[in-house]
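Asker: Questions regarding the structure given below will be posed in turn.
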Number of protein chains: 6
Amino acid sequence: MKNERFEKGWKKFVEIHGPVAKATVNSLQDISPELGRFVTEFAFGNIYSRPGLNLKTRQLLTIASLATLGTAPLQLKSHIKGALNVGCTKQEIVETLLQMAIYAGFPKSMNAMYAAKEVFKEKAKRRASK
Amino acid sequence: MKNERFEKGWKKFVEIHGPVAKATVNSLQDISPELGRFVTEFAFGNIYSRPGLNLKTRQLLTIASLATLGTAPLQLKSHIKGALNVGCTKQEIVETLLQMAIYAGFPKSMNAMYAAKEVFKEKAKRRASK
Amino acid sequence: MKNERFEKGWKKFVEIHGPVAKATVNSLQDISPELGRFVTEFAFGNIYSRPGLNLKTRQLLTIASLATLGTAPLQLKSHIKGALNVGCTKQEIVETLLQMAIYAGFPKSMNAMYAAKEVFKEKAKRRASK
Amino acid sequence: MKNERFEKGWKKFVEIHGPVAKATVNSLQDISPELGRFVTEFAFGNIYSRPGLNLKTRQLLTIASLATLGTAPLQLKSHIKGALNVGCTKQEIVETLLQMAIYAGFPKSMNAMYAAKEVFKEKAKRRASK
Amino acid sequence: MKNERFEKGWKKFVEIHGPVAKATVNSLQDISPELGRFVTEFAFGNIYSRPGLNLKTRQLLTIASLATLGTAPLQLKSHIKGALNVGCTKQEIVETLLQMAIYAGFPKSMNAMYAAKEVFKEKAKRRASK
Amino acid sequence: MKNERFEKGWKKFVEIHGPVAKATVNSLQDISPELGRFVTEFAFGNIYSRPGLNLKTRQLLTIASLATLGTAPLQLKSHIKGALNVGCTKQEIVETLLQMAIYAGFPKSMNAMYAAKEVFKEKAKRRASK
């Protein structure tokens, strides 16, 4: 079932999310392996692999969208980690979430900030324990 | 009632949206002039004036958020124009809206594309008529 | 098919919305008459007829909810008219919509203001033509 | 306060949700018993009791709607259980949630899959412990 | 750029939507041809082509999702037409939209009904003019 | 950085939310202190301090909006506490959330009720332990 688009997507998925890529696909394995495949092929193979926007900008856009949805804290945290992985600074992430207060309202902006806070803390803890 | 924050916001509002800034504030004048003032002071004076992200990135983030909401076509078109004004390319705008298919679903991505299409057409028409 | 709950709901529906009650039920007649009946029985017979909150407060709450949804401009306008009918002032309606900027974001607050502006204008026109 | 519509609704509620029906109504008892009554009367007495769609289709439609909302994981799990109770297969449920990726975006589809995964696991555990 | 998945998707797209398939892809041609391709490949090639649910059920699920979103009236109308094309009855469509009142609220259910009403009218007019 | 608007906002923030005001601002301190400042200045300094609606009505409107969003249970609980603080009765809060079933659907109304139930329980516990 593996194909070129999947391979390209998988490389991009791992480039952005590191070991979380495998964990995400695994988490869907016994319920809907197709969904893991479609995420890899479509989101990462078709979209994130496109030229026209660099990965840093793409991650900030995703964070803006997920903060606006407000219903996917798991994916928001995951993409905040991904943003750090591809070189976004904490300040850029925080600025993105702050700006969302205008469009998505203060509660969604605040909850997204709490998600970022957790991610930054976990990262600091991992770094400290090395 | 004018203050420093309002003045700073107004300059930024005009820098991004050109004559649409005045039209927006005017459109609220006889229903809620405060809302026009708060948009100017908070959105443009407090947020868009901040360092940490350049205006081009901020406009793309706004477009991502408005496409995800899906309920504010007027403001989406307005910010697509603003994105062009501050130097975003059509390609960057289209890439942003395309990426939203992953997070907000295809219908919202498609409707945002139709909004962009209208903005690009209006701009081409204005240019042609000069 | 008429019953006590329907009759109670219908009276409340007309008390709040005047001739719009009949127009609403009629607009559903040839597609889903049940929906018109359920709106009358449940929304107006079961909920709006309850004690515990006066009609003015109930209308403002509804306007807050519809402005937050952002997807039902028709019903928002309808309930702004209803709010005026049961004695809410224009100022109370505008304050309600302004406050929504905090929770639902500025675009939804602005669009709700435009809806209110239209309702107020139509009302002024009707009054002027008498 | 019991009436014919309530009785019809209650039978349908129990037919779909089994012991969860009583648990749901009980969970609302000390905060808003009316809400439990309205759910029973309106959702189950007025809607689910209607002819025109069989219960299996109705449950899949509800799952599609709750996955699209993305804000009610408790009710989503509850209706996934209900779908199994009225004879939907796991495959039909998973197909329904997969299709939602198109309309509600991948994050909502993924989170709905995680909800289904938990329900299927709990069910397997209960069966194993018998 | 055409591939097997695109061909399979295109056949399914036309099977469900008839001439609207071409119109949809065309409407995106000069703004984002990729989006038209992704809709064809992913939505119709990957999802609607799957076994596990028949096309009639899939269309009702889509209608349920779009009515719940409430922000894509264009696509809702399009899929109501598609539902009729694959053999859903008007009654099944109306029942689906009615049930959404429980989960998405009455305004979204009502607006979806108005969309269905327009589709049914247009269809009757076309038939009458033949 | 403190200013008149901040001071006015802070007083209103504490009047409504008591010690939760400080806890909220503190929770944002190490991720985005600006957001805490903007909430204080804009939400409480600019909006809640306005005449035109009393604080009790404003709290009920906020609860209606947050129940309709459905994505901010933390803030919903916080504002239910705030509503009690400024003199809303439990009955008024429950009526508000019940009415939301019409506009936001039953699942959001139910989840908001569960939030209210928790707040009322915590309050009863605190009172009992004095």
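Asker: Could you please find all residues in the stretch A:105-124 being within 9 Å of chain F (Cβ to nearest Cβ) and of a type in the set (A, V, I, L, M)?
Answerer: Scanning the stretch A:105-124 gives A:M110, A:M113, A:A116.
Asker: Consider the stretch F:74-102. How many of its residues are surrounded by 20 or more Cβ atoms within 10 Å (Cβ to Cβ) and either touching a Pro at 6+ places or on another chain (Cβ under 6 Å) or of a type in the set (G, A, S) (or both)?
Answerer: Residues flagged as surrounded by 20 or more Cβ atoms within 10 Å (Cβ to Cβ) and either touching a Pro at 6+ places or on another chain (Cβ under 6 Å) or of a type in the set (G, A, S) (or both) within the stretch F:74-102 amount to 5.
Asker: OK, next. Given the conditions (1) within 14 Å of chain D (Cβ to nearest Cβ); (2) crowded, with 20+ Cβ neighbours inside 10 Å; (3) not in a loop (DSSP other than H, G, I, E, B), report the number of the one that A:T71 does not fulfil.
Answerer: (3)
Asker: Out of C:E41, C:E7, C:E15, which single residue is within 14 Å of chain F (Cβ to nearest Cβ) and modelled with pLDDT of 95 or more? Show your work before the answer.
Answerer: Numbers: C:E7 fails: within 14 Å of chain F (Cβ to nearest Cβ); C:E15 fails: within 14 Å of chain F (Cβ to nearest Cβ).
Residue meeting the stated conditions: C:E41.
Asker: Here are E:S27, E:S49: which of them is over 23 Å from D:E95 (Cα atoms) and hydroxyl-bearing (S, T, Y)?
Answerer: E:S27
Asker: Moving on to the next point. Can you tell me which of A:I102, A:I93, A:I80 is in a helix (DSSP H, G or I), within 14 Å of chain D (Cβ to nearest Cβ) and either at pLDDT 95 or above or within 16 Å of the chain's Cα centre (by Cα) (or both)?
Answerer: Answer to the selection: A:I80.
Asker: Still on this structure, please answer the following. With the requirement that a residue be of a type in the set (F, W, Y) and within 14 Å of the chain's Cα centre (by Cα), what does the stretch D:37-75 give you?
Answerer: D:F44, D:Y48
Asker: Show the residue pairs meeting these rules: Cβ distance below 6 Å; 6+ apart or different chains; first residue within the stretch A:97-124 and farther than 21 Å from B:R50 by Cα; second residue charged (D, E, K, R).
Answerer: A:A115/A:K77; A:V119/A:K77; A:V119/A:K81
Asker: Considering the stretch F:2-13 alone, what residues qualify as being under 11 Å from the mean Cα position of the chain (by Cα) and surrounded by fewer than 18 Cβ atoms within 10 Å (Cβ to Cβ)?
Answerer: Answer for the stretch F:2-13, where residues must be under 11 Å from the mean Cα position of the chain (by Cα) and surrounded by fewer than 18 Cβ atoms within 10 Å (Cβ to Cβ): there is none.
Asker: Also, I was wondering about something else. Take B:S65 and tell me if it is farther than 19 Å from B:F120 by Cα, out of contact with any Gly (no Cβ under 9 Å at 6 or more places or on another chain) and crowded, with 20+ Cβ neighbours inside 10 Å. Explain how you work it out, then say what you get.
Answerer: On the way: farther than 19 Å from B:F120 by Cα: yes; out of contact with any Gly (no Cβ under 9 Å at 6 or more places or on another chain): no; crowded, with 20+ Cβ neighbours inside 10 Å: yes.
No.
Asker: I'm trying to understand the selection: among the residues of the stretch C:6-62, which are closer than 20 Å to F:G105 by Cα, touching a residue at least 40 places away in the same chain (Cβ under 8 Å) and part of a helix (DSSP H, G or I)?
Answerer: Matches in the stretch C:6-62: C:G9, C:T24, C:G45, C:N46, C:Q59.
Asker: If you take the residues of the stretch C:14-27 that are surrounded by fewer than 21 Cβ atoms within 10 Å (Cβ to Cβ) and of a type in the set (A, V, I, L, M), which of them is nearest to the chain's Cα centre (by Cα)?
Answerer: The selected residue is C:V20.
The values are calculated or read from the model by the stated rules, or taken from the named source; none is laboratory data. Being a predicted model, the structure only gives us computed values, none of them experimental. Neighbour counts run over all protein chains shown; Cβ positions are idealised from the backbone, glycine included.
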